[in-house]
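Student: Mind having a look at this structure? Questions to follow.
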Amino acid sequence: MKNGSELYQIVYSLLAAQIEFGTYRFGDPLPKMEETARWLSVSLDTVRAAYLQLKQNGYITLTKKAGAAVSMRFRQEEFEEHIQTFFALRRDAVADLCQSLGPLFSHAQWFALKNAGPKQLDELERLCLRPETLPPYVMVRHVRLIYGALNNDLLLRLVWQAFLFYQAPFLSLPENLAAFEDGDGPLLDMIGLCRRKDWNGLWQAVAANQNQLTSAIRQFYADRIAIKPDKEPVSFYWNAYEKSSQRCYSLALGLLNEIHLGRYQTEQFLPSPAKIGEEKRVSVTTVRRTLTLLNQLGATRSINGVGTQVLSAADSSRNCDFSRPVIQKRLLDFAQSLQILTLTCGACLEITFDAMDAPAVRWWRKRLLDLKESGRYESVVFDSLEVIPQFSPVRAVREIYRQLLKILIWGYPLRSLHGSREQINGFYLPYINSLLEGITQGDGKRLSNDLEKMLLCEFRFAAARLEELGVRGASGLPVPEPRF
């Protein structure tokens, strides 16, 4: 999905696949744009852009009076060829996403269902008992209702894009619904467990449902998809932001990451806008907008006639304009990223540590020892999480964690809010020592538990501070509970 990760392109890809699979055939009307927007939980503008691209590529006709109708006529053997090619090109990516389903989504789904209110549970039950349209669309609404309980737009985009990449096309084939003959029975069972507050039973039901989906997809590939296409395989790419055109944010995160890694030291000046633009291949206008954003964040300070200077942690907190909406939104991105990391880090580190060889383990241990010598213990959070995108055996986990860690850097102005240097080091030192002991013992379970506990404390602190600073939305992010 590279170069196709904007929302309208994701919607386009699903609808085009359904036409090529025969879900919609020549002359069939597509749902009205308003219905598709409601079913897929996207804006009408997003759906309109997808429909216009379908028209431009010859899939549909589109008129104000008649709406959208399929204009491509395929033979039955062509439908089969399309199905074979579509899923064969995604074989590796789908297998990888199936592996990531538990580590990335089990804890989040369990916690979201646990936090769902009576109205959300009633709406989920209504959808299960009286589906309004095709299963993929109904299940998109299920996804939005379940994960919506966590008030995390970043997580919703991740789940939504993963679902539309492989689950929705899979469920667009009627034959694949045979693996789910009980319909929405598993979800109805989960709703019942929520109402009885049987959280252990809910955890088991979530895991069982995910295992059922994974088994059905694997069996489908084994029984149905026989070809090996000669085209380049299609990979899953998560676009954390709704628009890939938000280059200003991407460039700001890149520069913040270089500051974090020490390429630019405190009080050092960044290169000129022209030089940054040349190196990053963006316009000088984009660079200037980015530097304005970094100044408002408190990471830098621009001095007329001199340049843009990197600020210390203390100066960053003092100079951050917490009242600006754009800064509040970026800090909320940070909090949402931290919530996702808190919900996933334990399971992701466990499978990662099991796959790490001796040099990788030594790499992590050296990072922690160097950290102790540096005297800046707060970096233990980032340095420990970085193990996952470096060494996870699952590509989707690596890619998603790289994005999440980039977004985590928006919390730059919060670095000194733990207090003095002594207070900061005193807070993090026990975690560093415990992680070093876990590495020495080769105890992956202990390491995953330690990392999860550290992230829980970090999230509680960050959410409380952001609420004090008046960052809208921070108070609505529920604090994750530990896994069973």
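Student: Glu437 to Glu125: extension gain in nm, 0.36 nm per residue of separation minus the Cα-Cα distance?
Tutor: Stretched out fully, the Glu437 to Glu125 stretch lengthens by 107.6 nm.
Student: Evaluated at 37 °C with a viscosity of 0.692 mPa s, what Stokes-Einstein diffusion coefficient in µm²/s does the range 10-119 have when Rh comes from the Kirkwood expression over alpha-carbon pairs?
Tutor: 202
Student: Another one. When the Kirkwood radius is taken over all Cα pairs of the range 306-446, what Stokes-Einstein diffusion coefficient follows at 25 °C and 0.890 mPa s, in µm²/s?
Tutor: It comes out at roughly 149 µm²/s.
Student: Just subtract the alpha-carbon distance of Arg48 and Gln76 from 0.36 nm times their residue separation and send over the number in nm, one decimal.
Tutor: 7.2 nm
Student: Averaged per residue, what accessible surface does the chain expose to a 1.4 Å probe, in Å²?
Tutor: 45
Student: Distance from the Cα centre of the range 157-176 to that of the range 8-72, in angstrom?
Tutor: 16
Student: Evaluate the relative contact order of the chain (contact order divided by residue number), counting alpha-carbon pairs under 8 angstrom at least 6 apart; express in whole percent.
Tutor: After rounding, I find 16 percent.
Student: Arranged from highest to lowest average of other beta-carbon atoms within 10 Å per residue, in what order do the peptides 222-235, 281-294 appear?
Tutor: Ranked by mean Cβ neighbours within 10 Å, highest first: 281-294, 222-235.
Student: May I pose another question? Using only Cα atoms, locate the centre of the range 228-280 and the centre of the range 289-341, then give the distance between them in Å, rounded to an integer.
Tutor: Their Cα centres are 16 Å away from one another.
Student: With a ≥ b ≥ c taken as the square roots of the eigenvalues of the C-alpha gyration tensor of the range 259-379, please select rounded if a/c is under 1.5 and otherwise prolate if a/b is larger than b/c or oblate if it is not?
Tutor: prolate
Student: Let me ask something else about it. Specify the angular offset, from 0 to 90 degrees and rounded to the nearest 10, of the alpha carbon long axis of helix 135-147 from the longest principal axis of the alpha carbons in the chain.
Tutor: It is inclined by approximately 30 degrees.
Student: Given the -39500 (n - 2.57) contribution per DSSP H run of 4+ residues, what per-residue ellipticity at 222 nm results for the chain, rounded to the nearest 500 deg cm²/dmol?
Tutor: -20500 deg cm²/dmol, from helical runs alone.
Student: Right, another one. So for each of 388-396, 7-15, 75-83 I average, over its residues, the number of other beta carbons within 10 Å; can you give me the resulting order with the highest mean first?
Tutor: The peptides rank, most packed first, as 7-15, 388-396, 75-83.
Student: Sticking with this one: Please work out the FRET efficiency for the pair Gln56 and Ser323, using the Cβ-Cβ distance as r and a Förster radius of 35 Å; give the result to the nearest 0.05.
Tutor: 0.20
Student: Using only Cα atoms and rounding to the nearest 10 degrees, what angle (0 to 90) does helix 185-195 make with the longest principal axis of the chain?
Tutor: Rounded to the nearest ten degrees, it is 50.
Student: Shifting gears a bit: If I compute solvent accessible area with a 1.4 Å probe over the protein chains, what percent of it on the chain is carbon and sulfur?
Tutor: Ligands and nucleic acids excluded, carbon and sulfur give 49 percent.
Student: Same structure again: When the Debye formula is applied to the Cα atoms of the chain, each taken as the same point scatterer, what base-10 log of I(q)/I(0) results at q = 0.05, 0.13 Å⁻¹?
Tutor: -0.21, -1.32
The values are calculated or read from the model by the stated rules, or taken from the named source; none is laboratory data. It should be emphasised that the depicted structure is a prediction, and the values quoted were computed from it without experimental measurement. Using ideal geometry, Cβ is built from the backbone for each residue, glycine included, and neighbour counts are taken over all protein chains shown. Remember, those area values only see protein heavy atoms, side chains included, never the ligands or the DNA or RNA. Shrake-Rupley method; radii C 1.70, N 1.55, O 1.52, S 1.80 Å.
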